[in-house]
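Structure, as structure tokens:
None of the figures in this text is laboratory data; all of them are computed from the coordinates on show. On a predicted model such as this, the values are computed, not experimentally measured, just so you know. With ideal geometry, Cβ positions are generated from the backbone for all residues, glycine too; neighbour counts draw on all protein chains shown.
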Amino acid sequence: MASEQTPTERELEILKILWERGRASVREVYEQMSRSAPIVQNTVQAFLRTMEEKGLVTHRTEGRTFIYGPVPRRDETKNRLVSRMLQRVFDGAIDQLVQSALSLRQPTRQELQKLEELIEQAKSRGKKEGGRS
């Protein structure tokens, strides 16, 4: 099912470009990708075709140019990727996921404040759902 497709690393790179731009031609995606890594336009075109088959992008035709747009929203994709990593790498242990993320770099004051807010929200939801927290 298309909504369950998890993009590969390269597909995720293309999706990020499309999320940023809204829609883009093969050439526009290629030009942006080629700034950071060596890639050829035909490869980008092949990726976009495969991504369309997987339900990750759609296209419309403007003259002879295909204009691609992302199907999944950015937050849906992030949630799916994090969920997959949480299960596969951390066996579902949220505390281990957070500990690992915090060990990568020191969070900013704003990030810590946001994390505290998220913990409080989770505690409140737990109380409403019967004390599960």
What percent do you get for the relative contact order of the chain when only Cα pairs under 8 Å and 6+ apart count?
-> 20
Starting from the coordinates of the alpha-carbon atoms of the chain, obtain the Kirkwood hydrodynamic radius over all distinct pairs and give the value in Å to one decimal.
-> 17.4
Helix 109-128: inclination vs the chain longest Cα principal axis, degrees, rounded to 10, gives 70
Where Cα atoms sit under 19 Å apart: lysine pairs in the chain separated by 8 or more or lying on different chains | 5
Taking amide H positions as placed 1.01 Å from N in the peptide plane, with prolines and chain starts having none, which residues 5 or more places from residue 71, or on another chain, fall under 5 Å of its amide H?
-> 57, 58
If r is the Cβ-Cβ distance from residue 102 to residue 64 and R0 is 41 Å, what FRET efficiency results, to the nearest 0.05?
-> 0.25
